[in-house]
Amino acid sequence: MQRVSLKAEERGDTKGHNAQLRAQGTIPAVIYGKGMQGSKPVQVNEKEFVLLSRKGLSTLLFDLDINGTKRTALVKECQMHVITRRVQHIDFYTVKLDEPIEVTLPVRLIGDAKGVKVGGRLEQRLYKIKVQALPEKIPNEIVVDVTEFDLGTLLHVRSLTAPKGMVFTTSPDAMILTIKAPKAAAEAETPAAGETTPAAAPATTPQQ
């Protein structure tokens, strides 16, 4: 996960005060989790947070400076306004860098599958996978190279090889993608033809 720095300030915890903060370009938030007793209401600058969030909230570790106190946290929940889509409230969850955490990562496919080149249709069924690892060992995404996948391929989570130090916690039976034969070819197939399942496919991860 990528680490970013963000300043935060303690705040009052009243609804009227929160509305005033938003009008001033500040987002009300709360921080809780490892190493804390209860929760602490804080506030962060809206422009700074939105700029950082473009990197992908699910894979960011925030080094929060709360009036001089440093805490590392991830975003547990981010509430958006239904109409304006402006951030209304943030839940920060503190973590310890030496303890594994579970997060959800996006799945990105790369390459041109053999099966697609001969007329097949690739259907991605799973777009996110849950993983568990030390915070700084978690990549930004799970990248799967489909280049060698042919017609009839069924790729499940169990077929992926997780990077060292990381495990997939999504069900191993969850299907990531399938490559279906062209309709005319599928109708001509005999029942004995069956489908193929690829060998273990490495989950390529970009540099953190």
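The values are calculated or read from the model by the stated rules, or taken from the named source; none is laboratory data. All of these numbers come straight from a predicted model, not from anything done at the bench. In this analysis, Cβ positions are derived from the backbone assuming ideal geometry, glycine residues included, and neighbour counts consider all displayed protein chains. To get the accessible areas, we keep the full protein, side chains included, count just its heavy atoms, and leave off ligands, DNA and RNA. Shrake-Rupley method; radii C 1.70, N 1.55, O 1.52, S 1.80 Å.
Under the condition of being over 24 Å from residue 133 (Cα atoms) and open to solvent by 50 Å² or more (accessible area, probe 1.4 Å), which residue from region 172-184 is modelled with the highest pLDDT? Let's see the steps before the verdict.
Just the residues of region 172-184 that are over 24 Å from residue 133 (Cα atoms), to begin with: 177-184.
This time we only want the ones that are open to solvent by 50 Å² or more (accessible area, probe 1.4 Å), so: 180, 183-184.
On the way: 180: 94, 183: 73, 184: 60.
Among them, the one singled out is 180.
Of all the residues that make up region 47-75, how many are in contact (Cβ under 8 Å) with a residue 40 or more places away in the chain and either open to solvent by less than 80 Å² (accessible area, probe 1.4 Å) or part of a strand (DSSP E or B) (or both)? Before you say what the answer is, go through the steps one by one.
Of region 47-75, the ones in contact (Cβ under 8 Å) with a residue 40 or more places away in the chain are 48-49, 52, 55-56, 58-67, 71-74.
Checking the rest, the ones that are also either open to solvent by less than 80 Å² (accessible area, probe 1.4 Å) or part of a strand (DSSP E or B) (or both) come to 49, 52, 56, 58-66, 71-74.
Number satisfying all stated conditions: 16.
Going through region 76-112 one residue at a time, which ones are surrounded by fewer than 17 Cβ atoms within 10 Å (Cβ to Cβ), within 15 Å of the chain's Cα centre (by Cα) and at pLDDT 95 or above?
Residue satisfying the conditions is 108 alone.
Quick one: what pairs do we get from region 106-129, first residue in contact (Cβ under 8 Å) with a residue 60 or more places away in the chain, second small (Gly, Ala, Ser) and open to solvent by less than 50 Å² (accessible area, probe 1.4 Å), C-beta under 6 Å, 6+ apart or different chains?
120/181
Taking residue 169 and the conditions (1) within 22 Å of the chain's Cα centre (by Cα); (2) crowded, with 18+ Cβ neighbours inside 10 Å; (3) modelled with pLDDT of 90 or more, which numbered condition does it fall short on, given that it satisfies the others?
(2)
May I ask you to verify whether residue 143 is within 20 Å of residue 170 (Cβ to Cβ), in contact (Cβ under 8 Å) with a residue 24 or more places away in the chain, surrounded by fewer than 19 Cβ atoms within 10 Å (Cβ to Cβ) and aliphatic (A, V, I, L, M)?
Values: within 20 Å of residue 170 (Cβ to Cβ): yes; in contact (Cβ under 8 Å) with a residue 24 or more places away in the chain: yes; surrounded by fewer than 19 Cβ atoms within 10 Å (Cβ to Cβ): yes; aliphatic (A, V, I, L, M): yes.
Spelling it out, residue 143 is indeed within 20 Å of residue 170 (Cβ to Cβ), in contact (Cβ under 8 Å) with a residue 24 or more places away in the chain, surrounded by fewer than 19 Cβ atoms within 10 Å (Cβ to Cβ) and aliphatic (A, V, I, L, M).
Restricting to region 1-46, give me the number of residues that are surrounded by 13 or more Cβ atoms within 10 Å (Cβ to Cβ) and of a type in the set (Gly, Ala, Ser).
Number satisfying all stated conditions: 4.
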